[in-house]
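The values are calculated or read from the model by the stated rules, or taken from the named source; none is laboratory data. Because the structure is predicted, anything quoted here is derived from the model rather than measured. All Cβ positions, glycine included, derive from the backbone under ideal geometry; neighbour counts span all protein chains shown. Remember, those area values only see protein heavy atoms, side chains included, never the ligands or the DNA or RNA. Shrake-Rupley method; radii C 1.70, N 1.55, O 1.52, S 1.80 Å.
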Amino acid sequence: MAIPMLRIATISRCHSQQPLIYSIYSSSFTFDETSKKKKMAVSCSSPSSELNPVIKSDVSFSVGTYLIPHPKKVDKGGEDAFFVSNYNGGVVAVADGVSGWAEEDVDPSLFPRELMTNASNFVGDEEVNYDPQILIRKAHAATSSTGSATVIVAMLEKNGILKIANVGDCGLRVIRNGNVILSTSPQEHYFDCPFQLSSERVGQTYLDAAVSNVELIEGDTIVVGSDGLFDNVFDHEIVSTIVGHRNVAEAAKALANLASNHALDSNFDSPYSLEARSRGFEPPLWKKILGMKLTGGKLDDITVIVGEVVSS
């Protein structure tokens, strides 16, 4: 994430339910072994009637992921980190390291990776009690690396309630029947400087997280990602991509590739360039002379997690 890091006093320009943690390379996989096993074990129910009320099935996530590092950070795998877990109905989380720390000779990838590792370790913690905001608190407190990161955590209850906690500009969309029914909003201090958890005393904490709940049903899809996705891909493109891919792993890969292609296109009028113009930013002088507007995608690490709600 090519954004400023927050510094003290100033903002410088800057069952076995083991989680899977990915942070240092591009990956594509489908995390649905548990749901497949459960679907195989589901027995046929009797026809519904007034004497036999319909009982709502438990749900869980079938998950696919894909990560594309910034073109200049491929050798070290970028500065995003994420994890997915099949605990309860499923847990997904993304952390986006703040690249401004590189100016201080600090590896920006270390903080988000440790943060995600800690979060995965606390998923089943009794004190967390399946609350994403408390999970962020405990993971942040346990992280000793220097740096900062934006973060989003989404935890699905088996009854279909999705709990979300978000600090910064990682995002989440819920798609139902070809429509976005829930969209998180980025938190920022000013344009391109989002809220962030930090090793510094000055910074945001779990108390600053935007928290929301939504009830999901079988067939719903969530898309979770770093700002490398949402700065470069519009919601209608996300929806059309999800609708066009039945496989969650392929959908995640397609979205990441779409974001990467847009990021490299200087003529694409991206969500990022639209927002920049709305904030008063102007194109380089040579573009202004030619009557051209500020356009283009934003080069960044791109992490995409696609989760389909399936009956357990």
Q. Per 10 Å bin, what percent of the C-alpha pairs of the range 208-284 does each bin hold, from zero upward?
A. 16, 41, 30, 12, 1
Q: Tell me which residues come under 5 Å, amide H to amide H, from residue 180 once H is placed; ignore anything under 5 positions away on its chain.
A: none
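So which chymotrypsin sites (Phe, Trp or Tyr not before Pro) in the range 153-209 end up in coil per DSSP with only 14 or fewer other C-beta atoms within 10 Å? Can you show the working numbers first?
Numbers: sites: 190, 191, 195, 206; in loops: 191, 195.
Answer by residue number: 191.
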Q) Once phi is turned into ³J(HN,Hα) by the Karplus curve 6.51 cos²θ - 1.76 cosθ + 1.60 with θ = phi - 60°, what whole-Hz value does each residue of the range 173-189 show in order, with x for glycine and proline? A) 10, 10, 10, 9, 6, x, 10, 7, 9, 8, 9, 6, 10, x, 9, 8, 7
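What is the projected area of the convex hull of the Cα atoms of the range 177-235, averaged over all directions, in nm²?
5.6
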Q) What Kirkwood hydrodynamic radius, in Å, does the range 122-246 give when the mean of 1/r is taken over all pairs of distinct Cα atoms and then inverted? A) 15.5
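Counting other Cβ atoms within 10 Å of each Cβ, which trypsin sites (Lys or Arg not before Pro) in the range 56-164 have at most 15 and sit in a DSSP loop?
Details: sites: 56, 72, 73, 76, 113, 137, 138, 158, 163; in loops: 56, 158.
In loop regions of the range 56-164 (DSSP not H, G, I, E or B), the sparsely surrounded trypsin sites (Lys or Arg not before Pro) are 56, 158.
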**Q.** Across 76/163; 56/163; 56/253; 72/253; 72/163, pairs whose alpha-carbon gap is larger than 29 Å
**A.** 76/163; 56/253; 72/163
Q: Of the options 194, 136, 89, report the single residue whose Cα projects farthest towards the positive end of the charge dipole of the range 86-241 (beta-carbon charges: Lys, Arg +1; Asp, Glu -1).
A: 89
Q.
Could you give each residue of the range 247-259 its phi-based ³J(HN,Hα) in whole Hz, using Karplus coefficients 6.51, -1.76, 1.60 with θ = phi - 60°, and x for Gly or Pro?
A. 8, 5, 5, 5, 5, 4, 4, 5, 5, 5, 5, 5, 4
**Q.** Computed log₁₀ I(q)/I(0) - Debye formula, equal Cα scatterers, no solvent, the range 171-312, q 0.11, 0.17, 0.18 Å⁻¹
**A.** -0.49, -1.02, -1.10
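At a 1.4 Å probe radius, carbon and sulfur cover how many percent of the accessible area of the range 216-276?
Details: 1190 of 2400 Å².
Taking all protein chains in place, the range 216-276 shows 50 percent carbon and sulfur surface.
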